[in-house]
Amino acid sequence: MKLSKRTQAIKPAVTLALAAKAQALRAQGVDLVNFTAGEPDFDTPQRIKDAAVQALKKGMTKYTDVRGIEPLRAAVAEKYLKDYDLHYTKEEVLVSCGGKHALYNVLQAVIDPGDEVVIPTPYWVSYSDMTLLAGGIPRLVQTKEENGFRITPEELKAALTAKTRVFIINSPCNPTGAGYSRDDLLGLARVLERHDCLIFSDDIYEKIVYGGFRFHNITALQPSLRERTIIFNSVSKTYAMTGWRIGFAVGPAAIIATAGTIQSQSTSNATSIAQAAAVEALTGPQDDVVEMVREFQRRRDTIVGRLKAMPGLRCFEPQGAFYVFPNVRALFGKKGNGKTLATPSDVVEYLLEKARVLAVPGEDFGSIENIRITYATSLQEIEKGCDRIEAAIRKLE
Ligand SMILES: Cc1ncc(COP(=O)(O)O)c(C=O)c1O
């Protein structure tokens, strides 16, 4: 079968594929600890579900404005004003079918063949493939664990060239959980001020932060970047609404309008009822978010403590999101199940076979030394999974 050349360079999202594998194994009766999911295990708060039911009852079942219903675009603009004193009009907001779709649309809107997209690595799996699909070239810049997995101003400066069209920043980051402080962002902003590229700020985990860490948005800190920054966000992670598929892009009107045109020729609007639910998510009382984040923090503290205590693992303490990204290099060269471990994929496979624990190998995030473990699961499952990992590691020869 002849398929388009564009699709030859891309692969399915590994995280979704592994989550499906976990489901299939469980359906076969395997007692599996699933550490792959990229979504909160909590149910969507009742107030949000009620808003969807109301919308349904009111007959909100037709096409909406392609860009999103006016109250939702207004709620997004209001959120940025309230949270960061950033002024956006409704024309500067596009509602899409998830943050992923918003990113896809905007990349399609701004990338020409050969344009480069600078991506600090480890990175979220879709940045690179979405860039390729748009005809662009991903420029992966390895960050260092000793720098907290954050790209430094020097590393950024070295990566930017005349071909750079976009720089993507994701704080807190999936998969590392690394968050950029105010000073980190100001350092990067100083470099970006001198280089005329677009900045994509993927803020999807902005509310899921821990301890003393405070989230900042780069444009809010450096207003001179506003005209070339597009912010991406979504209700998926903050409000446990991954299945509702509502995300948004916020930025300069011309880019947002073009991304909207692309959307008008593909999906049209995001689901009408889900949009009504998202209005409630953003404008209603936020106590449910505070409660979820408190629980995530308890889990982070537990899992980081457990992993750090295991022989052969090094574990960076994340500032946000709900992933840990332990370094497993010290396990390479050891033998388990008759095979010598040499890569994160080998470690993941060994843990699946020996411990019935499923994690995500680092390779697809651009790391050859780490695996990703999601702690968006109960403390009981976390303890059980850690007991199993520890026992399996101790059996390595
Ligand atoms: C960093 C990052 N950006 C964007 C997304 C997209 O999420 P959604 O499309 O559900 O809004 C994800 C989801 O895993 C993510 O981790």
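The values are calculated or read from the model by the stated rules, or taken from the named source; none is laboratory data. Predicted model only: the values in this text are computed from it and were never measured. As a convention, Cβ positions derive from the backbone with ideal geometry for all residues, glycine included, and neighbour counts pool all protein chains shown. All accessible areas refer to the heavy atoms of the entire protein, side chains included, with ligands and DNA or RNA removed. Shrake-Rupley method; radii C 1.70, N 1.55, O 1.52, S 1.80 Å.
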note = Of all DSSP beta bridges with both partners in segment 46-283, the antiparallel percent, nearest 5, is 30 percent
task = On the full set of protein chains, 1.4 Å probe, figure out the accessible area of K144 and give it in Å² to the nearest 10.
result = 90 Å²
task = Note the angle between two axes, namely the Cα long axis of helix 182-193 and the longest principal axis of the Cα atoms of the chain, as a number of degrees from 0 to 90, rounded to the nearest 10.
result = 60 degrees
task = Could you tell me what % of all Cα pairs in the chain have separations over 41 Å?
result = 13 percent
request  = Quick one: which residues, 5+ away or cross-chain, put their amide H under 5 Å from the amide H of Y323? H built at 1.01 Å from N.
outcome  = Y375
key: Burial ranking of peptide ranges 43-55, 249-261, 115-127 (average Cβ count within 10 Å, highest at the top)   = 115-127, 249-261, 43-55
ask   = Between rounded, prolate and oblate, where does segment 226-306 land on the alpha carbon gyration tensor, with a ≥ b ≥ c its root eigenvalues, rounded for a/c under 1.5, else prolate if a/b exceeds b/c?
value = prolate
ask   = Over the Cα atoms of segment 46-283, Rg to Rh with Kirkwood Rh, two decimal places?
value = 0.96
key: Cβ crowding within 10 Å averaged over residues, with 18-26, 358-366, 168-176 ranked highest first   = 168-176, 358-366, 18-26
message = Need one word for segment 249-397: rounded, prolate or oblate. Basis is the Cα gyration tensor (sqrt eigenvalues a ≥ b ≥ c); a/c below 1.5 gives rounded, then a/b vs b/c decides.
response = prolate
query = Per residue, what accessible area does the chain have, given a 1.4 Å probe and all protein chains present, in Å²?
reply = 42 Å²
key: ³J(HN,Hα) computed for each position of segment 254-266 - Karplus, 6.51 cos²θ - 1.76 cosθ + 1.60, integer Hz, glycine/proline x   = 5, 5, 4, 5, 5, 4, x, 5, 4, 4, 5, 9, 10
ask   = How far is helix 14-27 tilted off the main Cα axis of the chain, in degrees rounded to 10, range 0 to 90?
value = 60 degrees
task = Pop the C-beta distance of K308 and L3 into the FRET formula with R0 = 56 Å and round what comes out to the nearest 0.05.
result = 0.80
inquiry  = For V357, what residues show an amide H to amide H distance below 5 Å, using hydrogens built from the backbone and excluding near sequence neighbours?
reply    = V33, L352
query = Put R245, R194 in order of accessible area, largest first, 1.4 Å probe: what do you get?
reply = R194, R245
query = How much of the accessible area of segment 46-283, in percent, comes from carbon and sulfur atoms when a 1.4 Å probe is used?
reply = 52 percent
key: Unit charges at the beta carbon, dipole of segment 46-283: most positive-side option, S224, M60, Y210   = M60
Under-5 Å amide H pairs with V118, H placed in peptide plane, nonlocal only = R139, R165, V166, F167, I168
note = Under a 1.4 Å probe, counting only protein heavy atoms, F215 has an accessible area in Å², nearest 10, of 20 Å²
message = What are the ³J(HN,Hα) couplings of segment 337-350, residue after residue, when phi is run through the Karplus curve with 6.51, -1.76, 1.60 and θ = phi - 60°? Round to Hz, x for glycine and proline.
response = 6, x, 10, 8, 6, 9, 9, x, 4, 4, 5, 4, 5, 4
